[in-house]
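Structure record follows, encoded as C-alpha cells.
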Amino acid sequence: MDLVVVTGAFKGLGFAICKHLLKNGYSVVGIGRTLTSEYQELQEQYQDYLFHEVFDFNNIEDIKALSKKITSKYGVIYGLVNNAALGHDGVLATMHESQIEELIRVNVQAPIVLTKYISRSMLIRQRGRIINISSVIATTGYNGLSVYGATKSALSGFTRSLARELGRANITVNTVAPGFMDTSMTSSLKGEKLDSIRRRSPLNRMATVDDVANSVGFLLTPAADNITGSTITIDAGSTA
Amino acid sequence: MTERTNIRESITKSFHDALERTDSKLLVDNLSDDIVLLQSGLDSLGFAILVAILDEELGFDPFAMMDEPVYPVTFGEFVSIYEKISPTE
Ligand SMILES: NC(=O)c1ccc[n+]([C@@H]2O[C@H](COP(=O)([O-])OP(=O)(O)OC[C@H]3O[C@@H](n4cnc5c(N)ncnc54)[C@H](OP(=O)(O)O)[C@@H]3O)[C@@H](O)[C@H]2O)c1
C-alpha cells in the first residue's frame, strides 16, 4: 500500500484530499497545526491507514527531523502533497513585514525544505510523486493578494525545475492550481464577490475541494506516469 | 578506528550503488582519496542519491548538519566530512 504525505491535512482542501486517497487505497500521513474533530473521526474510520503529525511550518529548522520521524515511523513515502498555506490578504503598502515574511516562509520555504527531505526516500527507490498546490491567482493576479500570489507563482516555478531535476529518478512533480473554493481560507468572501466569481465561470459555478482532490488523486495513479512539470487547473473554467 | 573504517566502507559501497541506480559507470580505476568527484562518473543526481542512501544507512547527513554550505572536491574530502561530523564519533 502506497504512503502519501499531505500537508495542511486537517481541514479544507487537504482534508478532502485525505478522504479521497483513503477511499482509493492509499495510507496517509497528514500534517498540520491544529487537529480537527473531523480529521480524528476519519482516523477512527481508517485506523491503520490514516495518521497525523502536528507541526507548525514556521519551524523550518525542524522540518528535517519531522521528515526523518515520518520515514522511520511510517515507512517509505510514495507521494507528497504540498497543500498547507496561509492566505493573508491585504494591500501590499500596508501589509506588515512580519506577515510578508510568514507568507513566504510557510507557503514557499517550508514546502521546498520538506520536499528536499521527503524526496530522499523517493530518490533511493526511484519512484515517487510530488504535487504542489498553487492557485489560479499565480497567473491571473488578484487585488490584495500580491504576496500570496507571489508565493503561489513561486511554487509553480519550483515544480517546473524540480520536474527536470528528478525526472531521471522516475519522480514526477506537478502543480494543481485550483480556482476559488469554499474553505476557511476564503470565508471572508461573501455575497456580491462570490456571485461575481460564479458568473465569470463558463459553467456558472465554482470548483469544489472534491474536484481538486480528484485531480490530485489522478496524478498519483499509474495513468499519470508520463505527466510531469505540468499544471492542472481546476476552476470551472474561470480563467479560460 | 573501526567506526571510521565502517564509514569509509559504507560510502564506497553506496557510491557504487548510486552509480548503478543512475546507469553510470565509474570512470576511474578505484575510489582513492585523490579522485576528483566530478570526474568519478557520478553526476549531480547521483550525488543526491548517494547522500540520501547514506542518510538512511548511517542515520545522518553531515551536509545538512553544517552551518555553512561545503562542497567537497575529492573523494577523500567527502569521506572525511562524514568521519568528522559522525554523531557516533
Ligand atoms: N480556497 C481557495 O479558494 C483556494 C484557491 C486556490 C488555491 N488554494 C490553495 O489550496 C490550499 C489549501 O487551502 P484551503 O482552501 O484548504 O485553506 P484552509 O482551509 O485555510 O487550509 C490551509 C491549511 O494549511 C494549514 N497551515 C497553514 N499554516 C500552517 C502552518 N504554519 N503550519 C502547518 N500548517 C499550516 C492549515 O492548518 P491549520 O488550520 O492547522 O493552521 C490548513 O490545514 C492552499 O495551498 C491554498 O493556497 C485555495
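The values are calculated or read from the model by the stated rules, or taken from the named source; none is laboratory data. Given the structure is predicted, the values throughout are model-derived calculations rather than measurements. Because the Cβ atoms are built from the backbone with ideal geometry, glycine has one as well, and the counts that use them run over all protein chains shown. Protein only, heavy atoms only, side chains kept; ligands, DNA and RNA dropped before computing areas. Shrake-Rupley method; radii C 1.70, N 1.55, O 1.52, S 1.80 Å.
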Problem set entry | Which listed residue, of B:Leu19, B:Leu27, B:Leu31, is assigned to a loop (DSSP other than H, G, I, E, B) and crowded, with 16+ Cβ neighbours inside 10 Å | B:Leu31
Exercise. B:Ser14: closer than 20 Å to A:Gln126 by Cβ, part of a loop (DSSP other than H, G, I, E, B) and within 14 Å of chain A (Cβ to nearest Cβ), yes or no?
Worked result: no
Exercise. Of all the residues that make up the stretch A:114-129, how many are within 14 Å of another protein chain (Cβ to nearest Cβ), more than 18 Å from B:Gly59 (Cα to Cα) and crowded, with 24+ Cβ neighbours inside 10 Å?
Worked result: 1
For this session: Can you give me the number of residues within the stretch A:23-52 that are of a type in the set (A, V, I, L, M, F, W, C) and out of contact with any helix residue (DSSP H, G or I) (no Cβ under 7 Å at 6 or more places or on another chain)?
Result: 2
Problem set entry | First in the stretch B:4-33 and closer than 18 Å to B:Glu57 by Cβ, second anywhere and among the hydroxyl-bearing types (Ser, Thr, Tyr), Cβ under 6 Å, 6 or more apart | B:Ile7/B:Tyr82; B:Leu31/B:Thr12
For this session: Would you point out which residue out of A:Leu86, A:Leu145, A:Leu103 is away from chain B (no Cβ under 14 Å), in contact (Cβ under 8 Å) with a residue 60 or more places away in the chain and either buried (at least 20 other Cβ atoms within 10 Å of the Cβ) or within 12 Å of the ligand (Cβ to nearest atom) (or both)?
Result: A:Leu86
Exercise. Within the stretch B:72-86, is there a residue that is within 14 Å of chain A (Cβ to nearest Cβ) and touching a residue at least 40 places away in the same chain (Cβ under 8 Å)?
Worked result: no
Exercise. Among the residues of the stretch A:148-169, is there at least one that is open to solvent by 30 Å² or more (accessible area, probe 1.4 Å), within 11 Å of the ligand (Cβ to nearest atom) and in contact with a helix residue (DSSP H, G or I) (Cβ under 9 Å, 6 or more places away or on another chain)?
Worked result: no
For this session: Return only the number of the condition from (1) in contact with a helix residue (DSSP H, G or I) (Cβ under 8 Å, 6 or more places away or on another chain); (2) at pLDDT below 95; (3) among the hydroxyl-bearing types (Ser, Thr, Tyr) that B:Ser14 does not satisfy.
Result: (2)
For this session: For residues that are surrounded by fewer than 16 Cβ atoms within 10 Å (Cβ to Cβ) and over 25 Å from A:Asn170 (Cβ atoms), tally how many sit in the stretch B:42-71.
Result: 8
For this session: Determine which member of the set A:Thr159, A:Thr175, A:Thr228, A:Thr239 is over 19 Å from the mean Cα position of the chain (by Cα) and either assigned to a helix (DSSP H, G or I) or at negative phi (or both).
Result: A:Thr239
Problem set entry | Any hit, the stretch B:52-71, residues being at the interface with another protein chain (Cβ under 10 Å from one of its Cβ atoms) and either touching a strand residue (DSSP E or B) at 6+ places or on another chain (Cβ under 6 Å) or more than 20 Å from A:Ile124 (Cα to Cα) (or both) | yes
Problem set entry | Index of the failed condition, A:Ile197 passing every other in (1) out of contact with any Phe, Trp or Tyr (no Cβ under 9 Å at 6 or more places or on another chain); (2) surrounded by 14 or more Cβ atoms within 10 Å (Cβ to Cβ) | (1)
For this session: Give the number of residues within the stretch A:21-57 that are assigned to a helix (DSSP H, G or I) and more than 11 Å from the ligand (Cβ to nearest atom).
Result: 11
Exercise. Among the residues of the stretch A:106-138, which ones are hydroxyl-bearing (Ser, Thr, Tyr) and more than 13 Å from the ligand (Cβ to nearest atom)?
Worked result: A:Thr115, A:Tyr117, A:Ser119, A:Ser121
